[in-house]
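Report on the structure given below.
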Amino acid sequence: MKVFLEPITKHNWDQVARLNVSDEQRRFVADNAYSIAESLFSEHSVARAICVGDEPVGFIMYESLAYEGKPREFNIYRLMVGSDFQHCGIGRKGMRLTLDALLEQEGAERITVCYVPGNEVASDFYESLGFHEVGLSNGEMVAEIRAEPTTDAPSSDQHC
């Protein structure tokens, strides 16, 4: 199964907006229609459909924190997979694609996610992707991934 990310466009926004999670998950996930509208009015937000084949089956949204003076940090603040497509690894693949794209950006240092405290499914999911909880902010648990530092400088025992 090939999973890929696609921009939200006039051709797919309605399909993405109609995706729903299970009743038990509704209190943890914002409505996709609201999130799509939010992304249109926030110059820092990037919204993507998570697709399998030609079909949008999920949604992810993130932002650069450059507007807060943190140009090397990103926040992933929406992730959902439609209830009919869950438990197939699609959310994990969509998140991995997003993380890889963000970590490949020059100078990327930190990526955060937030979730409702006590949501053990989210906590376990993010931990399995390498996130580490760092504390509460505005009533939500914040978890982060820090990029591995890279240096292009030669080691002290090399001669240039």
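No value in this document is a laboratory result; all are computed from the given coordinates. Because the structure is predicted, anything quoted here is derived from the model rather than measured. Cβ coordinates were reconstructed from backbone atoms using ideal geometry, including for glycine residues, and neighbour counts include every protein chain displayed.
Think of it as helices only: each DSSP H run of n ≥ 4 in the chain is worth -39500 (n - 2.57), and spread over all residues that comes to -7000 deg cm²/dmol at 222 nm.
List L129, L19 from most exposed to least, where exposure is judged by having the fewest other Cβ atoms within 10 Å.
In increasing order of surrounding Cβ atoms, one gets L129, L19.
A crude spin-label estimate for the pair D54 and H132, with each label 7 Å from Cα along the Cβ direction, gives 4.6 nm. For the Cα trace of region 77-151, dividing Rg by the Kirkwood Rh returns an Rg/Rh value of 0.98. When the chain is modelled as a GNM with alpha-carbon springs shorter than 10 Å, which of S45, S137, S83 fluctuates the most? For the chain, modelled as a Gaussian network with Cα springs under 10 Å, the answer is S137. So for E133, E73, fewest C-beta neighbours within 10 Å to most, what's the order? Neighbour counts put them in this order, fewest first: E133, E73. Take the Cα of H44, step 7 Å toward its Cβ, do the same at V116, and the gap between the two points is 2.5 nm. Just the Cα atoms of region 66-114, one point each, no solvent: what log10 I(q)/I(0) does Debye give at q = 0.24, 0.27, 0.32 Å⁻¹? Log-scaled intensity ratios, in q order: -0.90, -1.04, -1.23. Computed on region 3-146, the Cα convex hull volume stands at 113 Å³ per residue. Taking the Cα centroid of region 61-81 and of region 98-138, what is the distance between the two, rounded to the nearest whole Å? What the calculation gives is 11 Å, centre to centre. Put a dot 7 Å past the Cα of K70, heading toward its Cβ, do the same for Q105, and the two dots end up 1.2 nm apart.
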